[in-house]
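Participant: Quick one: the structure is below, questions incoming.
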Amino acid sequence: KAKLKVERVPEFREKTSAGAYYMMGDLAGTRPGVFYANLRDMKEVHKFGMKTLAYHEGIPGHHFQLSIAQELKGVPFFRRMVPFTAYAEGWALYAEKLARELGMYKDDPFGELGCLDSELFRAVRLVVDTGIHYKKWTREQAIEYMEEHSAQDHDSIVSEIERYIVMPGQACAYKIGMLKMVELRDKARNALGGKFDLRKFHDVVLKNGSMPLVLLEQVVDEYIKTA
């Protein structure tokens, strides 16, 4: 039920903030969820990527996932509020993939380019996150790798790398969560055959709140048994 609006990242936070992020609304339903876009330097903002970014941060991404969780009834408060990273960001990446599967880039090669650029960005993040925390890369090595292998602006890359340095594994968690959701969807589709309903699968994923992936798999397995 929560509304969604778009605002710029407050200027005092622009320098160290990501290119965009989502802030959920209040529990009373009086303040909407907000998709914040960083306008610190418009040369960083690739127009071709805005559609994919909107699917990730807004609908059907974080806004749907977090707002639905907030509105759940009959579950402990923490399950409405705690966003396990692999689940929350996994859903947002899954939402990007879902938008492409549903034809949201049909006859839109500009938007399709943004979708592919997002895929490349996620792949590069897996490398630099692992490089920093396992291979012991320096900050400069990570920045150099990302500049060589992505379409991101320098200032954006620096902001991203500094985030990965202080949040080990966070960048990897996105893709791990998304791959698990795709795996569980395939599992449900193969098990249920003609009884599989994509909308019901999404209900199962979203209407139980954020959870560790091992619990999400148990929930989907139970759905398969009872469908």
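Participant: For the stretch 32-181, what does the alpha-carbon gyration tensor say about shape, rounded, prolate or oblate, given a ≥ b ≥ c as the root eigenvalues, a/c under 1.5 as rounded, and a/b over b/c as prolate?
Facilitator: oblate
Participant: Between rounded, prolate and oblate, where does the stretch 100-188 land on the alpha carbon gyration tensor, with a ≥ b ≥ c its root eigenvalues, rounded for a/c under 1.5, else prolate if a/b exceeds b/c?
Facilitator: Oblate, since a/c reaches 1.5 and b/c is not below a/b.
Participant: P(r) for the stretch 1-102: what percent of alpha-carbon pairs falls in each 5 Å bin, starting at zero?
Facilitator: Histogram of Cα-Cα distances, whole percents per bin: 2, 13, 20, 22, 20, 14, 6, 2, 1, 0.
Participant: Sorted by packing (mean other beta-carbon atoms within 10 Å per residue), highest first, where do 111-118, 146-153 land?
Facilitator: Answer by packing, highest mean first, reads 111-118, 146-153.
Participant: Further question: Give me the accessible area of residue 161, 1.4 Å probe, in Å² rounded to the nearest 10.
Facilitator: 0 Å²
Participant: Could you give the radius of gyration (one decimal) and Dmax (whole number) of the Cα atoms in the stretch 1-61, in Å?
Facilitator: Rg, Dmax (Cα atoms, Å): 12.1, 38.
Participant: While we're on this one: With the full set of protein chains in place, find how many percent of the accessible area of the stretch 117-212 is carbon and sulfur; take the probe as 1.4 Å.
Facilitator: Within the stretch 117-212, the accessible surface is 55 percent carbon and sulfur.
Participant: Next up: With a probe of 1.4 Å, find how much accessible area the chain has per residue, and write the answer as a whole number in Å².
Facilitator: 53 Å²
Participant: Here's something else I'd like to know. Please tell me which of these pairs span more than 29 angstrom C-alpha to C-alpha: 187/207; 175/225; 5/73; 5/195; 97/187?
Facilitator: Among 187/207; 175/225; 5/73; 5/195; 97/187, the Cα-Cα distance tops 29 Å for 5/195.
Participant: Could you identify which residue out of 171, 18, 28 has the top mean-square fluctuation in a GNM of the chain using Cα springs shorter than 10 Å?
Facilitator: 28
Participant: What angle, in degrees between 0 and 90 and rounded to the nearest 10, separates the Cα long axis of helix 85-101 from the longest principal axis of the Cα atoms of the chain?
Facilitator: 90 degrees
Participant: If you don't mind, there's one more thing I want to ask. Taking the highest mean first, how do the peptides 49-56, 86-93 order by number of other beta carbon atoms within 10 angstrom per residue?
Facilitator: Result, highest mean first: 86-93, 49-56.
Participant: Oh, and also: So what is the calculated 222 nm ellipticity per residue for the chain, using -39500 (n - 2.57) for each DSSP H run with n of 4 or more, over all residues, to the nearest 500 deg cm²/dmol?
Facilitator: -19000 deg cm²/dmol
The values are calculated or read from the model by the stated rules, or taken from the named source; none is laboratory data. Everything numeric in this text was worked out from a predicted model, so none of it was measured. As a convention, Cβ positions derive from the backbone with ideal geometry for all residues, glycine included, and neighbour counts pool all protein chains shown. These area figures cover heavy atoms from the full protein model, side chains too; ligands, DNA and RNA do not enter into them. Shrake-Rupley method; radii C 1.70, N 1.55, O 1.52, S 1.80 Å.
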